[in-house]
Amino acid sequence: MKLISKFTQAIGLAAVAVTVGTATPAVAQDEGPIIVVSGPLSWPFFAAVKQGFDDAAELFGIEYQYIAVTDTANMTSDYPRLLQQAISRNPRMLLVGEFFPDGMDPLIREATAAGIPVLIHNSGQTMWENNGSIGFVGEDPYQMGYKAGQIQADAGVTTGLCFNQVPGNPTVEERCNGYVAAMEEAGLATIYQTIGTGDATNPQAMTQAIKGTLQANPEIDGIYTLNAVPAMSALRAVEEVGRAGEVMIGTADLSNEVLLAIQSGDIAFAMDQQPYLQGFMSIQIASQFLDYGLQPIGHIKTGPLVIDASNVAQTLEVNRAHAGVRGAD
């Protein structure tokens, strides 16, 4: 089979997923695009995912196309539409972030049944084994949240807020489930808050939402956010209600802003799912599967990795030398 040399096309969405299924589907035609359906590039997280895709594509001589939404207001309906369009092009292979299973999983089953190899990355860790995909690359989301809850409980937090900016995404929801479980095991209280996906990239809207919750629930002394952008909104909200230094903030995912806030002590920690690895390893697996029929067996876990005061300086140093590899720059 012939693998084509580097080409990258970004059309606006984002995602992260890679997998390995129990039943290997037939390999698609030798010609045709390798298509990535992943997360919106307007989210800093997915810039690191795409950098991983790009670097691996150059290294392995792969031509691929990156497809994502540019407008996050209607992601639950737009992602199935994008995936359907990708399948209609009869791709050589699909690398999919299964963000919204209700709309996307039936389409993935349709693709694998038609002999198109599918690898899941970032989201879809509970679905890939049953939809014909060859594998999954990404975090263990429950453990991402559970470890965050343990850290806050051990630090003395008594009431924690889990803020979810992408309701409807099971992976993101599992982070909150893990966080709540760890806090409840310690006999502590939690509050769960969501915001519409249309405001998921609107820092001011998230700041106002978190601020309102803090004002209505002054007992909150810990916040766990599920992305770097709302983490900074949480920090601003805490400052605006006059409680800087009183509320412990932790987050999933990295950005330079978050890393600097950890270094300054304003944010306590970030749970890193290593998005660069999700993109890089997905392309590597695709290359070796299409060339040799090789595939990993099982969930390839890329997180959680805790970033805190003990290792944030090294993480920032890597990001300065290799922009975006350890998260958005």
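Every read-out reported here was derived from the displayed coordinates using simple, explicitly stated rules and does not represent laboratory data. Keep in mind it's a predicted model, so treat the numbers as computed, not measured. No Cβ is skipped: glycine too gets one built from the backbone with ideal geometry, and neighbour counts run over all protein chains shown.
Peptides 88-99, 230-241, ordered by how many other C-beta atoms sit within 10 Å of their residues on average, highest first, read 88-99, 230-241.
Sorting THR171, THR251, THR70, THR190 by the number of Cβ atoms found within 10 Å of their own Cβ, with the fewest placed first, yields THR70, THR190, THR171, THR251. Projected over all directions and averaged, the alpha-carbon convex hull of the chain occupies 15.0 nm². A Gaussian network model of the chain, with springs between Cα atoms under 10 Å, assigns the largest mean-square fluctuation among ALA216, ALA56, ALA181 to ALA216. Taking a Cβ cut-off of under 13 Å around GLY222, the surrounding Lys, Arg, Asp and Glu residues balance to a net charge of -3, with basic ones at +1 and acidic ones at -1. Near GLY303, within a Cβ-to-Cβ distance under 13 Å, what is the net charge of the other residues, with Lys and Arg +1 and Asp and Glu -1? For residues surrounding GLY303, the net value is -1.
Taking a sphere under 13 Å around the Cβ of PRO80 and counting the other residues whose Cβ falls inside, with K and R at +1 and D and E at -1, yields a net charge of -3.
Restricting attention to the chain, the count of lysine pairs at 8 or more positions apart or across chains with alpha carbons under 25 Å apart stands at 5. Give me log10 I(q)/I(0) at q = 0.15 Å⁻¹ for the stretch 24-109, Debye formula, one equal scatterer per alpha-carbon, no solvent. Taking Cα atoms of the stretch 24-109 as identical point scatterers yields -0.57.
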